[in-house]
Amino acid sequence: MAGIAIYDIETGPLPLENIEAFLPKREAPTNYGEEAAAKYVARHRKKDIEKAALSAMTGKVLAIGYLHPDDQLEILECDADEATLLRAFWAYFTRDVIHQRIHTFGFNNLDFDLPFLLTRSQTLDVLETVPPEVLNYHKFRYYSDHHHDIRNLLFGELAKASLGTVANFFGTKHQKSGQGKDFAELWATNKQAAREYCANDIRVTEDVVRKVWQLN
């Protein structure tokens, strides 16, 4: 197979004080007692905070795994400056997808990764680094010849499955380890393990691409 590019983002929640206004206002059922109601609200609030990383309104990009066409795997990291991370990603994306027309892949990237990246770029005023073709998102999503979501290459129930399930189904060399929802905690406590998790996700994605994508 010719050289390809693959990207995968890892996200985490913004500070609680920044997202409080966007979290659902939880109320317990009216027939709950005071103690049960408090536990109900606390339980659901915890889940809402955990899910904050999945929305670009309440989350941020912590790292991006990027497999270059020469098979170099790079982990772009965000310590304090998410905008710098985004600029670096869009530079690679522009080079590979727009200029060199390299076949570039992600998993669920059309519904999650790319919209998340665009929203965060808009929030942080770095849209000038985004290719104009991508800003016309509806057209880019459906008519790009060189940017692919692996899920669109799968069929039936498998097209709705997680990356881990797809990799397991095909028996790929690399298999998923851990879950994306735990990445922010891992990033905060063990950055090397977080980098390894991100790199492994790229290799799992690559294995699936090479299984389902036929390129002469």
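Structure notes:
- Per residue, the convex hull spanned by the Cα atoms of segment 122-178 amounts to 158 cubic angstrom.
- DSSP beta bridges confined to the chain are antiparallel in about 70 percent of cases.
- Shape category assigned to the chain from the gyration tensor of Cα positions, a/c cut at 1.5: prolate
- Between T123 and S162, residue separation times 0.36 nm minus the direct Cα-Cα distance comes to 11.2 nm.
- Net length gained if the chain between L54 and Q100 were fully extended (0.36 nm per residue, minus Cα distance): 13.5 nm
- Computed over the alpha-carbon atoms, segment 67-108 gives an Rg to Rh ratio of 0.99, Rh here being the Kirkwood radius from the mean inverse distance.
- Residues E185 and Y40, FRET efficiency given R0 of 22 Å [Cβ-Cβ distance, rounded to 0.05]: 0.35
- FRET efficiency for the E20 to D81 pair, using the beta carbon distance and R₀ = 25 Å, is estimated at 0.60.
Every number in this text was worked out from the coordinates using simple rules, so none of it is lab data. Keep in mind that this is a model prediction, so the values were computed, not measured. With ideal geometry, Cβ positions are generated from the backbone for all residues, glycine too; neighbour counts draw on all protein chains shown.
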